[in-house]
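First up is the structure itself, then whatever we jot down about it.
The values are calculated or read from the model by the stated rules, or taken from the named source; none is laboratory data. Everything quoted here is computed from the prediction, not taken from an experiment. Virtual Cβ from ideal backbone geometry, glycine too; neighbours counted across all protein chains shown. Please note that ligands, DNA and RNA were not included when accessible areas were found on the heavy atoms of the full protein model with its side chains. Shrake-Rupley method; radii C 1.70, N 1.55, O 1.52, S 1.80 Å.
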Amino acid sequence: MSSTAYAEHTAFARWIDPRPSLVVMQPDTFCNLDCAAYCYLPLRKKRNRMPVMVAYAVAESLADLGPDEHGRHRVVEVCWHGGEPLAVGVEAMADLLAPFASLRAAGRVRHSVQTNATLINDRWCDLLTAHDFSIGVSLDGPADLDARRTDRAGRPAHDRIMTGIDKLRERGIAFSVIAVVGTDGIGRAEDLLDFLAGLGADEIGFNIEEFEGFNTGAQPAPAAARDFWTRTIAWSHRHPGIRIRELDRLGHYLRTIRAGERAAWDAQRFDPLPTIAFNGDVVLLSPELAGIRDEHYGDFIAGNVLEQNLASILARAWQLPYVTEFTDGLAACRASCSFFDFCRGATAGNRYFENGAFDSTETNYCRVSRQELVNALTNTTRKEEP
């Protein structure tokens, strides 16, 4: 191994975990909605269903993953994403879940799904409950803020999303909500939070609109994001029983540092985040890279699970140019950014779609989703000090 290859392999081992905690599965590229204003998915209008043999190959790969350095088998979350994952149909999804049954029974796999909820009915509720799914619903707030979620005829899908949520509530099925916060909602934190909390969700998450994939819409500015997070923190103080994903993450970081566990925090590595496309192709580091082609990087495919298992794909991932550049970017962030201690570096997809390179550093995503969150907490704390 050359000195350059050795350095690249060492950097990969430092920054990227060899065992995934999350595997994203694409049961169908098709989505029954057409949120053209901001959807990043390039194949959402095409029917490409995952063959069961791909699910078997992934399940076998997860079964073959060895224990970690402490001799423990990691519980892997298998997240069914899309397109709209429920568009594949109940029977087809049941067939795709079957290969994971023994792993789930052994406590080594748990299932989750991110859905627009428009297709949820009693049959889906039966299947999701039987397999103990964690359910995330994509919803951007009340009807006026959710207006960009439309069907192929351009009709708002909000009422259908609410019908799906009502079915989950009727069946007593827990769910979380992820809302995209655009320029129209960034100044309405209280309206958003009041509405989402009223749905009865277990957790609320906010994705401040990002420039990625086929989404090239306007992004909220940092100053607006700081105001949004400041209002969110204040709202959370008034509603202590409501979990907000981003505040939980920041709180976990602060508790870890205060407990004297900085070494463990600093030793964390980036999840390789394998995304399994419908045909078994594997893309690493960012689901948003699936289906994207680039003159320099090609198709971002690291391998195919029908030809080699995940462990083999991940063992050679350090040789991929975009993975090598990403580890260079993480090192550059660590050396130059005062927010790195909490942030741990911008995601791979944001670096690429915003800056055109994986070894770049700061992105607007960093600023609005991480930096301004910290700034908002700092300002809030200062105001509360006697």
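Values computed for the structure shown
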quantity	calculated
Only one of THR183, THR163 that is more than 26 Å from VAL368 (Cα to Cα), open to solvent by 50 Å² or more (accessible area, probe 1.4 Å) and among the hydroxyl-bearing types (Ser, Thr, Tyr)	THR163
Selection from segment 186-205 of residues that are out of contact with any Ser or Thr (no Cβ under 7 Å at 6 or more places or on another chain) and either open to solvent by 10 Å² or more (accessible area, probe 1.4 Å) or on the phi > 0 side of the Ramachandran plot (or both)	ILE186, GLY187, ARG188, GLU190, ASP191, ASP194, PHE195, ALA197, GLY198, GLY200
Test: residue in segment 344-365 that is touching a strand residue (DSSP E or B) at 6+ places or on another chain (Cβ under 6 Å), of a type in the set (A, V, I, L, M) and closer than 25 Å to ASP266 by Cβ	no
Residues satisfying the stated conditions in segment 316-361, i.e. hydroxyl-bearing (Ser, Thr, Tyr) and not in a helix (DSSP H, G or I)	SER338, THR347, SER360, THR361
First in segment 301-328 and at negative phi and of a type in the set (Asp, Glu), second anywhere and open to solvent by less than 10 Å² (accessible area, probe 1.4 Å) and at pLDDT 95 or above, Cβ under 9 Å, 6 or more apart	GLU307/GLY280
Residue check for ARG169: outside any loop (DSSP other than H, G, I, E, B), basic (Lys, Arg) and surrounded by fewer than 16 Cβ atoms within 10 Å (Cβ to Cβ)	yes
ALA117 open to solvent by less than 20 Å² (accessible area, probe 1.4 Å) and under 18 Å from GLY205 (Cα atoms)	yes
Selection status of ARG382, under 24 Å from LEU62 (Cβ atoms) and open to solvent by 50 Å² or more (accessible area, probe 1.4 Å)	no
Verdict on ILE178 being open to solvent by 10 Å² or more (accessible area, probe 1.4 Å), farther than 27 Å from ILE233 by Cβ and not basic (Lys, Arg)	no
Looking only at segment 273-308, and only at residues there that are more than 19 Å from the chain's Cα centre (by Cα) and acidic (Asp, Glu), the one that is most open to solvent (accessible area, probe 1.4 Å)	GLU295
Breaking point among (1) within 27 Å of ALA224 (Cα to Cα); (2) open to solvent by less than 20 Å² (accessible area, probe 1.4 Å), for PRO156	(2)
Any chance ALA311 is buried (at least 17 other Cβ atoms within 10 Å of the Cβ) and either in contact with a helix residue (DSSP H, G or I) (Cβ under 9 Å, 6 or more places away or on another chain) or among the hydroxyl-bearing types (Ser, Thr, Tyr) (or both)	no
Flag if ALA263 is open to solvent by 20 Å² or more (accessible area, probe 1.4 Å) and either farther than 30 Å from ALA197 by Cα or of a type in the set (Asp, Glu) (or both)	yes
Residues of segment 245-274 that turn out to be within 20 Å of ASP68 (Cα to Cα) and part of a helix (DSSP H, G or I), as a count	4
Total residues in segment 1-21, condition within 17 Å of GLY345 (Cβ to Cβ), open to solvent by 20 Å² or more (accessible area, probe 1.4 Å) and among the aliphatic types (A, V, I, L, M)	2
Subset tally (residues that are assigned to a loop (DSSP other than H, G, I, E, B) and modelled with pLDDT under 95) for segment 51-87	15
Matching residues, segment 224-247, being open to solvent by 60 Å² or more (accessible area, probe 1.4 Å) and touching a residue at least 24 places away in the same chain (Cβ under 8 Å)	ARG226, ASP227, ARG231, HIS239, ARG243
Boolean, GLY251 is loosely packed, with under 11 Cβ neighbours inside 10 Å and without any contact (Cβ under 8 Å) to a residue 12 or more places away in the chain	no
Failed criterion for GLN219 (all others in (1) of a type outside the set (Asp, Glu); (2) at pLDDT below 95; (3) open to solvent by 30 Å² or more (accessible area, probe 1.4 Å); (4) in a helix (DSSP H, G or I) hold)	(4)
Scan of segment 336-360 for residues that are closer than 16 Å to GLU210 by Cα and open to solvent by 40 Å² or more (accessible area, probe 1.4 Å), ordered by number	THR347, GLU354, ASN355, GLY356
